[in-house]
Structure formats: structure tokens, C-alpha cells
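Undergrad: To start, I am sharing the structure in question, which I have written as C-alpha cells.
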Amino acid sequence: MMNEKKKTDQIETPLVSAISKHIKHNNTPFHVPGHMGGRCLPEEINELIGENIFKSDLTEIANLDNLHKPAGVIKKAQKLLSDAYGVLESFFLVGGSTAGIKAMMLSILNPGDKIIIGRDSHKSVISGLILGGFEPVFIDVENNNSINISNPISIPETIQTISNNKSAKAILITSPNYFGTTADIQTISKSARENSIKILVDGAHGAHFSFHPKLPKSAVSLDVDMAVHSAHKTLPALTQGSYLHLVSKNINISRLQSVLAMVQTSSPSYPIMATLDACRKFMVWGGEEYLTRTLEISEWLRYEINGIDGLFVPSRIQVKDGGAFDFDETKLIIDVTGLGYTGYEFEKKLQENGIQIELATVSVVLCVLTVATSWESAKKLLSALKNIPRIKSESKFLTNLIQPKPRLKLLPREAFFSADELIPLKKSAGRISSETICPYPPGIPVLIPGEEVSREMIEYLIELQNNGASITGIKDSNISVVK
Ligand SMILES: Cc1ncc(COP(=O)(O)O)c(C=O)c1O
């Protein structure tokens, strides 16, 4: 709980104020960016966006500070951010959690080091492995028993993996995952600490947890070393805007800062950073109230949708009973197979009814609710759901399609930098992938550089494609393999 003095400090938005002061000053610009405060814009952009955002699209000029060596308003804004989340230090990210995940890994590992990661890791984790030459030790994740989504890494599997790999330098936990299920971070961390293994958390989908007591515990309130939050995913921030939090004293901050400058642009976007600054104040002062509404809407929708014959939305208790440690109820996961559709088909039906969802899988659609979700939007979703007719099932559902477990034959970095060739997916059995093969969304790779392509994997990928999944890394039915 934040004390009154600290909460009052949170009224300030140092970066937003500095940008606004600069605009009011009306200097004549002789500096980048080239649009010079929106003075020259392509007509289409003027119509689409207008000039306002360009006024705040500035650079490292007087009084605006430097993200890579903050000493003024960015430093102040980041201090307020770390106070808001109750951590040692926080950093603005302008390249999403994607940049933060790579930075966390590169700041604590050396080439050849082992890192324990869940099979549910985002592709940025795989990029981190390639960039740093790290060796992954995978933990498989299981499906939830209440609905066809994956659980986070489980305690028995994780403890066993740690005990078999005591020389690992770090563990990276994805929690919450895309669907809002969370891992038992505290228990995992106890076991990791006993073996001097550092704990990193990909909390891309959990930036809002700290602001409502009914949401799962935020990773930053637990015994971890660092965590990232995609502010742009669940808070009202511009896309790419994310936070990196330093939670423990075990991290070399100057190395972390060097790495952040390596993985991010040297020209960070001020509009993005301004939203990161303002979102922090918004969540400290209004987050709980807004999230109370979000949770009420979510509960109402869950109740109403479960009343529609053929649709099913699991509750927090059901998801927990299904094997997750906890569940974020702002995620509405709807199993649509009872109406005769795959998730992909159902997504299209919703689009025809004016609704755009976050993602579809073979059997579910995921609706994300945030502080921006209104009762009006909720009613529109419900009426669209009621409007979609049942179709005759052709027993096409692949709800029990099992994701094969590939074997790692080469380090991801070695495979990525090897000479490679493009061959038909169908003829790739036994070869080693040099690419990341990844259904998108959710962006969780099923095959990474260095892993062997098995016959089961080929069949799995073809089945996914036949059912409408979009898969990156497959080009015109070909994949890249090590020569
Ligand atoms: C689990 C997970 N981690 C990390 C990321 C990357 O986040 P960002 O889009 O902020 O780069 C995503 C993006 O979807 C994600 O789902």
C-alpha cells in the first residue's frame, strides 16, 4: 500500500509537463524529427492523424532528457514509476516487452549459459537465446483441464527441471500468459534462490495487476529479480510502450542500461514515453475504480455468455481447478466449438457483427477487457454473440491436437548462423530448423532454430494451417533448415 505522501507525489507527470511546456514556448525548430512539430505532413497523415501528435514528437533537446542517460524529467518520471510499482528502479521501454525481455537476458547471462524457460515463451525469448548464444532448458506446459488453453509452467515440472539443472544461471517465467493464467512464482523463486538461479518474469500481460486487489498478485511484489510489463497491452498507453522493473539488488544496473541502449532505438518516441508517464499516474489515482468496473463487466459477460447454448466461458475457479495457479478475470476466453465453429471461423463471424477480438485459436476466442472497456461495448459483444447461429459441426475440431515436443540438436545461435536452405515443409523430417516457426498470435514458437523437425511436427503445422492459423517462419509451404 502506497503512503499518502508518495501517492500525492504521483499527481506529477514530469515528462508530459516538460513536453507541454516546450510546445507552449513555440521555439523555431532546427532539429529532427523532419516534420518539425507537424509543420510539413503528407496530406493522408494529416487527415488520418492530424498534426497534434507531431507537436509532442520531439527529441533529446533542452529540458527533455535522454532515455539512455536520464538526468532530468525522464529520470523523475521513472522514479515515480518505480514508486508506483514498489520496486527499486524502473525503465521506460519504447520497443515493447520484446526489447525488455532481450535486455533482461543479455544483462545477466554470458554466452553458453543455461537458462530455464517454459515452452510457452514468447518469440522475443528465442531472439534473446540467439543474440546471446544461451542454452535453453525447456519446461513443457500442459493444457488447462477446463478449456483448451495452455497453463503456465507447473510447480512439479519446474522444481524437477531446476533440480536437474542446478548450473542454470536464470529462469524466465511467463506469467501471466496470453490467456491470463499465472504461475506460482513465489514457490518457483524459492527453489531458484536455493540454487542461485536468477528469476526473470515476462509479465507482458500483467501491467495492471498492481492496481486492483482482486487481480492476481503482481510478479513485482514477489521475490524476483526483474520483470517486464507491456503497458500498451493492458493500460491506456501507446503501442510499444512498456516498463522494465528492477526488483532485487542482484542486478548490475550499468550493464542493464548498456544493454537497453543496444536493443532499443537511439531515438525513442516522446509520445510513447509521455503515455507511459501519464498511464502511471492514471493507474495510481484511478486504476482501482476503473478496474472494478472492468471486473464487473467481465463477471456480467461471463454469466450472460454461459447462458447462450453452445458457448462456454470458464470462471477463475474453473481455470484454477484446471491447473493454473491463478487467473486474470479481465480475460474472457470463449469456447465456441459447441456452436459448430473453430475459433478462427468464429472470429470472422464476430467481425461481420462489428466485433474485433484479440485472438482466436482452434477452439476459443479471446476477448481482452481493460480499463477502456465500457458497458456499451460489453452489450455489443453480447448481442453479436447471440446473433451468430449454430452451424452443423463437421467434427473438424482439433481440440485434442497435441503440440509435439521437439528435440534441441544445436544451440539456437549456432543453428541461426549456420548455412541454411529453404526446403518444402513436407520433406523436412529429420532436418534441423534454422528459423523460428510461430503461429501468430499468440506468438509462441512451436519450433526454434536448432530443433529437429519431426514427422509429427510437420503434421501438426499442416493441421494448424488447414484450420486457418497464420504461421510465421513458413514461406509458401517451405521452411529454412540447416544445410
Ligand atoms: C507473453 C508475451 N511476452 C512478450 C510479448 C512481447 O510484448 P511487446 O508486444 O510489448 O513487445 C508478448 C506479445 O504479445 C507476449 O504475448
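What follows draws every value from the coordinates through simple rules; no lab data is involved. Quick caveat, the model's predicted, so the values are computed rather than measured. Ideal geometry is used to build each Cβ from the backbone, glycine not excepted, and the neighbour counts take in all protein chains shown.
Undergrad: Report whether or not residue 326 is surrounded by 15 or more Cβ atoms within 10 Å (Cβ to Cβ), touching a strand residue (DSSP E or B) at 6+ places or on another chain (Cβ under 6 Å), among the acidic types (Asp, Glu) and over 29 Å from residue 231 (Cβ atoms).
TA: Considered against the rule, which asks whether it is surrounded by 15 or more Cβ atoms within 10 Å (Cβ to Cβ), touching a strand residue (DSSP E or B) at 6+ places or on another chain (Cβ under 6 Å), among the acidic types (Asp, Glu) and over 29 Å from residue 231 (Cβ atoms), residue 326 comes out as no.
Undergrad: Would you please name the residue that is surrounded by the most Cβ atoms within 10 Å (Cβ to Cβ), looking only at residues in region 82-99 that are under 16 Å from residue 253 (Cβ atoms) and away from the ligand (no atom under 16 Å from the Cβ)?
TA: Within region 82-99, the match that is surrounded by the most Cβ atoms within 10 Å (Cβ to Cβ) is 87.
Undergrad: Taking the stated definitions as given, is residue 75 more than 16 Å from the ligand (Cβ to nearest atom), more than 24 Å from residue 154 (Cα to Cα) and of a type in the set (D, E, K, R)?
TA: Yes, satisfied.
Condition check ((1) touching a residue at least 40 places away in the same chain (Cβ under 8 Å); (2) part of a helix (DSSP H, G or I); (3) within 27 Å of residue 174 (Cα to Cα)) across all residues:
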position	(1), (2), (3)
62	no, no, no
65	yes, no, no
68	yes, no, yes
76	yes, yes, no
81	yes, yes, yes
84	yes, yes, yes
91	yes, no, yes
97	yes, yes, yes
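Undergrad: Residue under question is residue 244, and the condition is that it be within 29 Å of residue 109 (Cα to Cα) and within 16 Å of the ligand (Cβ to nearest atom); does it hold?
TA: On the way: within 29 Å of residue 109 (Cα to Cα): yes; within 16 Å of the ligand (Cβ to nearest atom): yes.
For residue 244, the condition - within 29 Å of residue 109 (Cα to Cα) and within 16 Å of the ligand (Cβ to nearest atom) - is met.
Undergrad: Okay, next question. So which of 224, 263, 284 is within 16 Å of the ligand (Cβ to nearest atom), over 15 Å from residue 99 (Cβ atoms), among the aliphatic types (A, V, I, L, M) and in contact (Cβ under 8 Å) with a residue 12 or more places away in the chain?
TA: Being within 16 Å of the ligand (Cβ to nearest atom), over 15 Å from residue 99 (Cβ atoms), among the aliphatic types (A, V, I, L, M) and in contact (Cβ under 8 Å) with a residue 12 or more places away in the chain holds for just one of 224, 263, 284, which is 224.
Undergrad: Name the pairs: first residue in region 435-447 and in contact (Cβ under 8 Å) with a residue 40 or more places away in the chain and β-branched (Val, Ile, Thr), second residue outside any strand (DSSP E or B) and away from the ligand (no atom under 12 Å from the Cβ), Cβ to Cβ under 7 Å, at least 6 apart or on different chains?
TA: Hits for this filter: 436/448; 436/449; 436/473; 437/446; 437/461; 437/473; 437/474; 446/403.
Undergrad: Is at least one residue of region 429-452 among the hydroxyl-bearing types (Ser, Thr, Tyr) and not in a loop (DSSP other than H, G, I, E, B)?
TA: Yes: region 429-452 contains one or more residues that are among the hydroxyl-bearing types (Ser, Thr, Tyr) and not in a loop (DSSP other than H, G, I, E, B).
Undergrad: Additional query: Checking residue 102 against (1) within 16 Å of the ligand (Cβ to nearest atom); (2) free of Cβ contacts under 8 Å to residues at least 40 places away in the same chain; (3) among the basic types (Lys, Arg), which single condition isn't satisfied?
TA: Exception for residue 102: condition (2).
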